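**Q** Quick one: the structure is below, questions incoming.
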Amino acid sequence: MDNEQLTQWLSSYGAAWIARDPDASALLFSEEATYCESPFEKCLTGREAIRRYWLDVPRNQSHITFTSDVLALADGQGIVHWHATFIRVSNGVHVKLDGIMTIKLDDEGLCTEFQEWWIKHEALAEPGAYRQR
């Protein structure tokens, strides 16, 4: 894996999240990939489990943004600093996430191992600031 390959994967990951597309998100992962959202939760295993996890996004998030910066590449693993924002559909809360992820890609550019850690900040959105999509 090189910086260009990881940057392209991150671009696709962000685009799938922004589009709220669980299928596009899942297709970024190998059939046997592990996806660990938290060091305190059991990792998801397999593309279908990852797709089911992402089914929550279109129901619960709107006005999504995502940016990322590759911090390092070592031993076939990328270390990435990322930011995301979205509006929680159920209550209009504006959520900001700031996190780190580690990613391993296979020769086809699919993620085989994904681990993330993030901090969340939530605040009510300004009235009328966002229209429901």
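**Q** What does the charge dipole of the chain about its Cα centre add up to, to the nearest 20 debye, if the Cβ of each Lys and Arg holds +1 and the Cβ of each Asp and Glu holds -1? Can you show the working numbers first?
**A** On the way: 12 positive and 20 negative charges, 174 e Å.
For this selection, approximately 840 debye.
**Q** Further question: If R0 is 22 Å, what FRET efficiency do you get for Asp98 and Asn3 from their C-beta distance, rounded to 0.05?
**A** Efficiency at R0 = 22 Å is approximately 0.55.
**Q** Something else about it: I'd like the isolated cysteines in the chain, meaning no second cysteine's beta-carbon lies under 4.7 angstrom from theirs.
**A** Taking the Cβ cut-off of 4.7 Å, the unpaired cysteines of the chain are Cys111.
**Q** Moving on to the next point. Calculated from the structure, mean projected area of the Cα convex hull in nm² equals which of (1) 17.3; (2) 14.5; (3) 7.9?
**A** Read-out taken from this structure: (3).
**Q** Turning to a different aspect of this structure: Within 10 Å of each candidate Cβ there may be at most 14 other Cβ atoms; applying that plus a DSSP loop requirement, which trypsin sites (Lys or Arg not before Pro) in region 1-69 survive?
**A** Lys42
**Q** For the pair Leu27 and Ala49, how long in nm is the line joining their label points, each one 7 Å along Cα→Cβ?
**A** Going by the 7 Å Cα→Cβ label model, 2.3 nm.
**Q** Round to the nearest 10 and give me the degree value, 0 to 90, for the angle of helix 3-18's Cα axis relative to the longest principal axis of the chain.
**A** The helix 3-18 is inclined about 30 degrees to the chain.
**Q** Where does the chain land at 222 nm, in deg cm²/dmol rounded to the nearest 500, when only DSSP H runs of n ≥ 4 count, each adding -39500 (n - 2.57), divided by all residues?
**A** Values: 4 runs with 34 residues, N = 133.
One gets -7000 deg cm²/dmol as the mean residue ellipticity at 222 nm.
All of the numbers you see were taken from the coordinates with simple rules; none came from a lab. Everything numeric here is computed off the predicted structure, so don't read it as measured data. We place every Cβ from the backbone using ideal geometry, glycine too, and count neighbours over all the protein chains shown.
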